[in-house]
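I have placed the structure first, in the form of structure tokens, so that the comments after it can refer back to it.
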Amino acid sequence: MKTTADQSLLKRFSGKSLLRIAALSTPEQREAHIERIRAKEDLAL
């Protein structure tokens, strides 16, 4: 994910957040966690 048209994705999904997502046991849990991160970012804008 070195290059992307949306540079905010690099900031939003890097480092510890990716490790937390990877540690979740099911794809559903991962998707829910990603949605929470996106919602938080949208509220901050």
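Give segment 20-45 a look and list any residue that's modelled with pLDDT of 90 or more and of a type in the set (Asp, Glu), or say none.
Correct list: Glu28, Glu31, Glu35.
Could you tell me which residue of segment 21-45 is farthest from Asp6 (Cα to Cα), considering only residues that are assigned to a loop (DSSP other than H, G, I, E, B) and of a type in the set (A, V, I, L, M)? Steps first, please.
Our first condition is that a residue be assigned to a loop (DSSP other than H, G, I, E, B); within segment 21-45, this holds for 24-26, 45.
From what's left, of a type in the set (A, V, I, L, M): 24, 45.
Numbers: Leu24: 25, Leu45: 15 Å.
Only one residue fits best here, namely Leu24.
Can you find a residue in segment 4-19 that is modelled with pLDDT of 85 or more, exposed (fewer than 10 other Cβ atoms within 10 Å of the Cβ) and hydrophobic (A, V, I, L, M, F, W, C)?
Within segment 4-19, one or more residues are modelled with pLDDT of 85 or more, exposed (fewer than 10 other Cβ atoms within 10 Å of the Cβ) and hydrophobic (A, V, I, L, M, F, W, C).
The values are calculated or read from the model by the stated rules, or taken from the named source; none is laboratory data. Bear in mind that the values here come from a model prediction, so they are computed numbers and not experimental data. Note that we place each Cβ from the backbone using ideal geometry, even for glycine, and neighbour counts take in every protein chain shown.
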